1. Exactly one condition in (1) exposed (fewer than 14 other Cβ atoms within 10 Å of the Cβ); (2) free of Cβ contacts under 8 Å to residues at least 12 places away in the same chain is false for residue 26; which is it?
2. Please tell me if residue 89 is within 11 Å of the chain's Cα centre (by Cα), without any contact (Cβ under 8 Å) to a residue 12 or more places away in the chain and in a helix (DSSP H, G or I).
3. Part of a helix (DSSP H, G or I), closer than 23 Å to residue 97 by Cβ and among the β-branched types (Val, Ile, Thr): does that describe residue 36?
4. Report, by residue number, each residue of segment 68-86 that is surrounded by 14 or more Cβ atoms within 10 Å (Cβ to Cβ), assigned to a helix (DSSP H, G or I) and not charged (D, E, K, R).
5. How many of the residues in segment 1-50 are closer than 24 Å to residue 79 by Cβ and in contact with a Leu (Cβ under 6 Å, 6 or more places away or on another chain)?
6. So which residues in segment 11-27 are part of a helix (DSSP H, G or I) and under 18 Å from residue 67 (Cα atoms), if there are any at all?
7. So which pairs qualify, if the first residue must be in segment 46-67 and more than 13 Å from residue 97 (Cα to Cα), the second must be of a type in the set (S, T, N, Q) and in a loop (DSSP other than H, G, I, E, B), the Cβ gap must be under 9 Å, and the two must be at least 6 apart or on different chains?
Amino acid sequence: MYARLLEHVRKAPYRIESFYEQLLPHYPEEVKALFVAYIEFRADQSRDRRDYADVCRIIRMLQQVGGRKEAFTVTQKLLTKFPRRPAFREELGKIRF
């Protein structure tokens, strides 16, 4: 049953926000990888401060599920990828590791 749920979430990574609690005990590494993929997707789609704050909220969720190292890595990657988005950089700077 959990394998089917994981496949369901893989098809649409935004679903990770809804199902990570059920999947985490069985697939911790896959859950972290799905969070990272979802964060990168949302960051590419973000256009204003509200979107940036939402990306940071998802990064904090990743930290809560035990992905502290992954959260730090993806944050550094986003800072490098978006040097000309000062509002995004400011929101990312609010995340504590």
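1. All conditions pass for residue 26, except number (2).
2. On the way: within 11 Å of the chain's Cα centre (by Cα): no; without any contact (Cβ under 8 Å) to a residue 12 or more places away in the chain: yes; in a helix (DSSP H, G or I): yes.
The answer is no for residue 89.
3. Values: part of a helix (DSSP H, G or I): yes; closer than 23 Å to residue 97 by Cβ: yes; among the β-branched types (Val, Ile, Thr): yes.
Criteria met by residue 36.
4. Looking only at segment 68-86, we keep the residues that are surrounded by 14 or more Cβ atoms within 10 Å (Cβ to Cβ), and these are 70-72, 74-75, 77-79, 82, 85.
Narrowing further to those that are assigned to a helix (DSSP H, G or I): 70-72, 74-75, 77-79.
If the condition is that a residue be surrounded by 14 or more Cβ atoms within 10 Å (Cβ to Cβ), assigned to a helix (DSSP H, G or I) and not charged (D, E, K, R), then 71, 72, 74, 75, 78, 79 are the ones that fit.
5. The qualifying residues number 5.
6. 13, 14, 15, 16, 17, 18, 19, 20, 21, 22, 23
7. That search, which allows pairs on different chains as well, returns 52/46; 54/46; 55/46.
Quick grid of which residues meet (1) more than 20 Å from residue 2 (Cα to Cα); (2) among the aromatic types (Phe, Trp, Tyr); (3) touching a strand residue (DSSP E or B) at 6+ places or on another chain (Cβ under 8 Å); (4) assigned to a helix (DSSP H, G or I):
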site	(1), (2), (3), (4)
29	no, no, no, yes
32	no, no, no, yes
51	yes, no, no, yes
54	yes, no, no, yes
63	yes, no, no, yes
66	no, no, no, no
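Every number here is computed from the coordinates shown, using simple stated rules; none is lab data. Quick caveat, the model's predicted, so the values are computed rather than measured. Don't worry about glycine lacking a Cβ; one is built from the backbone with ideal geometry, like all the others, and counts go over all protein chains shown.
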